[in-house]
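Read-outs throughout are calculated quantities, based only on the coordinates presented, and are distinct from any laboratory measurement. All of these numbers come straight from a predicted model, not from anything done at the bench. Heads up, the Cβs are rebuilt from the backbone with ideal geometry, glycines too, and the neighbour counts pull from every protein chain shown.
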């Protein structure tokens, strides 16, 4: 279903609305077979607390078509890197070789998550994937900068450098953004070809709203959730003074916290873990992620490179 931009503009202009998406209407927190325009609000309010102009209609009409709406509360949505260590030392320590799902970050920033095992770019370069706000923070990063494992917030220093920044997506304050992603050049000997707590990495796949999704992140470890909406337009805090607009985003149920930014979200298939999205923001009520096709549109095709590291938990050096 395609919703005209004029319809989205009207809905998103209303008080308390932070975005819109397309997905199954939920009844009693369970998805139905009916597709709806999902209206994402910071907080659900009784109609009596909203002006008539700010109330969301139960149904909208456009181009001789009708569509139900579904108002979903998402809370305060923001980036999910962190400036402070939590009481979860296992994923915050130094890992050599390092699996995906552990602490990672630019030398001048905080700590997010090492998203992927080694990947190969179209040019044959070996890289790993995470968020731009983890490995290429705005106005603080240049290509070639060190990226650390663990990230600085978890005690990482220049001695913990495991790669150099190749590129990060530019997060613009004044126009829509489609991805928050970065690739980091690495030596595959320093990495494993698995995702911690999930298993072998098999590549990428397309998401489906009827699948169960899994992620492995620095802060909350392995969690699962459902895909609640696609093609979201939503404003996210944490980049600039005002919330930053993203488009084409996938909306999942709550499955992340600060420090999980950069995690891959995906499905556990017969041949291993297949990633569908790159987690970049969320709240205590929702998780937001960039579809992998948008990531590859930014950085080119990425394919699993494999890594020679031991698949066992080897601890520190």
Treat each spin label as a single point 7 Å out from the Cα along the C-beta direction, and report the residue 222 to residue 293 distance in nm. 3.0 nm
For residue 157 and residue 44, calculate 0.36 nm times their separation in residues minus their Cα-Cα distance, and state this gained length in nm to one decimal. 36.4 nm
In what sequence do 201, 62, 280 fall when counting other Cβ within 10 Å, fewest first? 62, 201, 280
Using only helices, what value at 222 nm comes out for the chain when you add -39,500 (n - 2.57) per DSSP H run of length 4 or more and divide by the total residues, to the nearest 500 deg cm²/dmol? -1500 deg cm²/dmol
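How much of the DSSP bridge set in the stretch 1-152 is antiparallel, in percent, rounded to the nearest 5?
On the way: 20 of 26 bridges.
Antiparallel bridges make up about 75 percent of those DSSP assigns within the stretch 1-152.
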Counted neighbours (other Cβ, 10 Å), sorted fewest up, put 114, 264 in the order 264, 114
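Which whole-number percent of Cα pairs in the stretch 5-73 have a distance greater than 21 Å?
On the way: 483 of 2346 pairs.
When every Cα pair of the stretch 5-73 is considered, 21 percent fall beyond 21 Å.
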So the label point goes 7 Å from the Cα of residue 139 along Cα→C-beta, right? Which residues of the stretch 95-116 then have their backbone N under 19 Å from it? 106-110
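Grab the eigenvalues of the alpha-carbon gyration tensor for the chain, scale each by 5, take roots, and send me the semi-axes largest first in whole angstrom. Could the numbers behind the result be given before it?
Numbers: eigenvalues 243, 75, 59 Å².
Semi-axes, largest first: 35, 19, 17 Å.
Which ordering of 169, 51 is given by a fewest-first count of other beta-carbon atoms within 10 Å?
On the way: 169 22, 51 9.
If I rank by nearby Cβ atoms, fewest first, I get 51, 169.
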